[in-house]
Amino acid sequence: MSVTYVPKHFEFHGLKEKHDFIDKYNFGQLICTHGDNLNIAFLPFLLNRNSFPLGSLQCHVARNNSIWRGIKNGRMTAVFSGPHAYISPRWYSSLDQVPTWNYSTVFAEGRATLLDDDQLIPLLTKLTDNEENRTKNKSKWSTKEVETLKYRSMMKAIVGIEFQIEKIYGKLKMSQNRSSKDRVGAINGLRESASENHVAVAKMIKEINEK
């Protein structure tokens with residue numbers, strides 16, 4: 001089992017909240033360890049909240065990607081990253097401070113199995129539907145638009161993966177250890193940026209520290 005440094009004041013609490021985070025930032029890193037080998041892939045994930053006590057994750061990789069070959073004997077970790085931003089000491093009321101970085105992430109660990117074709121088809125459909133619903137397309141694209149034989153042939157080039165989440169935890173470093181004046185300064189400083197990421201961090205700082 002991996003060990004990640006998460007100070008208590010930066011702990012991400014609540015299973016629903018962590019699931020919501022995964023659903024929102026579902027493009028993550030899949031890390032697989034097998035013996036001395038470490039494989040990493042960037043992938044979109046599909047979360048099933050009702051499968052097992054902590055849920056399960058499904059994804060797919062290219063068949064030529066070796067990450068899937070040793071999964072039955074190794075552990076997998078999926079890493080999901082949310083908004084992050086540099087925090088300037090100029091934004092603080094307190095003196096003699098140093099820069100830091102605010103960020104948000106969730107880790108899910110477990111052991112994986114491979115999906116058969118009957119399981120892979122609904123995974124691809126749900127992944128596509130989820131992402132199409134995020135777009136502003138008036139007409140949503142569907143996997144049914146690809147001719148069946150061609151689609152089945154293309155599926156042979158990928159491998160579906162599912163793993164039961166055995167451990168899920170996260171880190172929300174959003175200025176919880178700062179004074180209220182320093183947090184307000186950080187929020188105002190971030191809001192002056194044109195970056196959507198910075199604005200999102202400002203919003204998270206405000207929401208988290210108001211709880």
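Label sites at Ala62 and Asp96, each approximated as a point 7 angstrom past Cα along Cα to Cβ, lie 5.4 nm apart.
Note on the stretch 79-135 and the stretch 7-39: Cα centroid distance 8 Å, given to the nearest whole angstrom.
Stretched out fully, how many nm does the piece from Met155 to Lys136 gain, at 0.36 nm a residue minus the Cα gap? Provide the component values of the computation, followed by the final result.
Details: separation 19, 0.36 × 19 = 6.84 nm, distance 2.71 nm.
Net length gain for the segment: 4.1 nm.
Rounded to the nearest 20, the size of the Cβ-charge dipole of the chain about its Cα centre is 240 debye, with Lys and Arg at +1 and Asp and Glu at -1.
Cα gyration tensor of the stretch 52-95, axes a ≥ b ≥ c as square roots of the eigenvalues: rounded (a/c below 1.5), prolate (a/b > b/c) or oblate?
Judged from the Cα gyration tensor, the stretch 52-95 comes out prolate (a/c at least 1.5, a/b above b/c).
Restricting the calculation to Cα atoms, the stretch 50-184 shows an Rg/Rh of 1.13 when the hydrodynamic-style radius is the Kirkwood one.
Shown in residue order for the stretch 51-62 are the 3J(HN,Hα) couplings computed by the Karplus curve 6.51 cos²θ - 1.76 cosθ + 1.60 at θ = phi - 60°: 9, 6, x, 9, x, 9, 10, 10, 7, 9, 10, 5 Hz (x for Gly and Pro).
The calculated Kirkwood hydrodynamic radius for the stretch 1-114 is 16.1 Å, given to one decimal from all distinct C-alpha pairs. For the stretch 109-192, the calculated P(r) over all alpha carbon pairs, in 10 Å bins from 0 to the bin holding the longest distance, is 13, 25, 21, 19, 16, 6, 0 percent.
Peptides 148-160, 106-118, 75-87, ordered by how many other C-beta atoms sit within 10 Å of their residues on average, highest first, read 75-87, 106-118, 148-160.
What FRET efficiency, computed as 1/(1 + (r/R0)^6) with R0 = 45 Å and r the Cβ-Cβ distance, is obtained for Lys211 and Lys144, rounded to the nearest 0.05?
After rounding to 0.05, the efficiency reads 0.55.
For a Förster distance of 25 Å, can you work out the FRET efficiency between the beta-carbons of Leu114 and Asp23, rounded to the nearest 0.05? Approximately 0.60, to the nearest 0.05. Would you please state the base-10 log of I(q)/I(0) at q = 0.14, 0.20, 0.21 1/Å for the stretch 157-211, with intensities from the Debye formula using one equal scatterer on every alpha carbon? So the normalised log intensities are -0.51, -0.72, -0.76.
What Kirkwood radius, in Å to one decimal, follows from the Cα pairs of the stretch 67-131?
Result for the stretch 67-131 stands at 16.1 Å.
All of the numbers you see were taken from the coordinates with simple rules; none came from a lab. Keep in mind it's a predicted model, so treat the numbers as computed, not measured. Positions of Cβ are backbone-derived with ideal geometry, glycine not excepted, and every protein chain shown enters the neighbour counts.
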